[in-house]
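Reading through the structure tokens given below for one structure.
The values are calculated or read from the model by the stated rules, or taken from the named source; none is laboratory data. Just so we're clear, the structure is a prediction, and the values are computed from it rather than from any experiment. Virtual Cβ from ideal backbone geometry, glycine too; neighbours counted across all protein chains shown.
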Amino acid sequence: MGDKHEQAEQMRPEVPSTVARSDDKAVRTYKKTLESAEETYGEGERAHRTAFASLKHTHEKVGDHWEPKEHKGPSDPQAALGTPASADRRRPTAQGVDANASKGHLDEVARKVGIADPQSLTKDDLVRAIEKANARATARARARKR
């Protein structure tokens, strides 16, 4: 584990802040996918979209960081497209929220991010509420860092 942990620690300054605040596997997944995508597509937005799509197969955004998912696979319709189709056919994204998770799991994530009474929300409304809570948490984390 030491080698993988050291590798992730060296990568942390080179990944987006939400990924840097995540577990070692999230950091390695994002960075290695980004490097591969940059070799294929060059540097830029497409390479970063590819890295986030890969991360969304194993992790979900919870607050200001990414946590391992209960199940593997795409988290939303955009991540399900894969590359290069995702560049040509944009679909809704859940901003890292695992929209394919069960309602019970989403209720649990909602409680973690401070949403009161999540069981009263529909699944779609819950996904949107978690997206907003995650965005607020990320903004607060970035403001503290300055």
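It is to be established whether one or more residues within region 129-138 are surrounded by 14 or more Cβ atoms within 10 Å (Cβ to Cβ) and in a loop (DSSP other than H, G, I, E, B). No, every residue in region 129-138 fails to be surrounded by 14 or more Cβ atoms within 10 Å (Cβ to Cβ) and in a loop (DSSP other than H, G, I, E, B).
Only residues that are touching a helix residue (DSSP H, G or I) at 6+ places or on another chain (Cβ under 7 Å), over 22 Å from A135 (Cα atoms) and among the β-branched types (V, I, T): list them for region 15-67, please. Within region 15-67, T33 is the sole residue that qualifies. Quick check on my filter: what residues within region 55-83 are touching a Ser or Thr at 6+ places or on another chain (Cβ under 7 Å), modelled with pLDDT under 90 and part of a loop (DSSP other than H, G, I, E, B)? If the condition is that a residue be touching a Ser or Thr at 6+ places or on another chain (Cβ under 7 Å), modelled with pLDDT under 90 and part of a loop (DSSP other than H, G, I, E, B), then K72, D76, T83 are the ones that fit.
When T33, T29 are checked against the criterion of being surrounded by 15 or more Cβ atoms within 10 Å (Cβ to Cβ) and either closer than 23 Å to D107 by Cα or in contact (Cβ under 8 Å) with a residue 24 or more places away in the chain (or both), a single residue qualifies: T29. Note on region 91-126: residues that are closer than 18 Å to L55 by Cα and either out of contact with any helix residue (DSSP H, G or I) (no Cβ under 6 Å at 6 or more places or on another chain) or of a type outside the set (S, T, N, Q) (or both) amount to 10.
The set of residues from region 6-26 being more than 20 Å from G96 (Cα to Cα) and buried (at least 18 other Cβ atoms within 10 Å of the Cβ) comprises A8, M11.
Can you tell me which residue is nearest to V27 (Cα to Cα) among those in region 39-54 that are assigned to a loop (DSSP other than H, G, I, E, B) and small (G, A, S)? Applying the filter and picking the extreme gives G44. Of all the numbered requirements in (1) of a type in the set (K, R); (2) in contact (Cβ under 8 Å) with a residue 60 or more places away in the chain; (3) touching a Lys or Arg at 6+ places or on another chain (Cβ under 6 Å), K103 misses one, and that requirement is (2).
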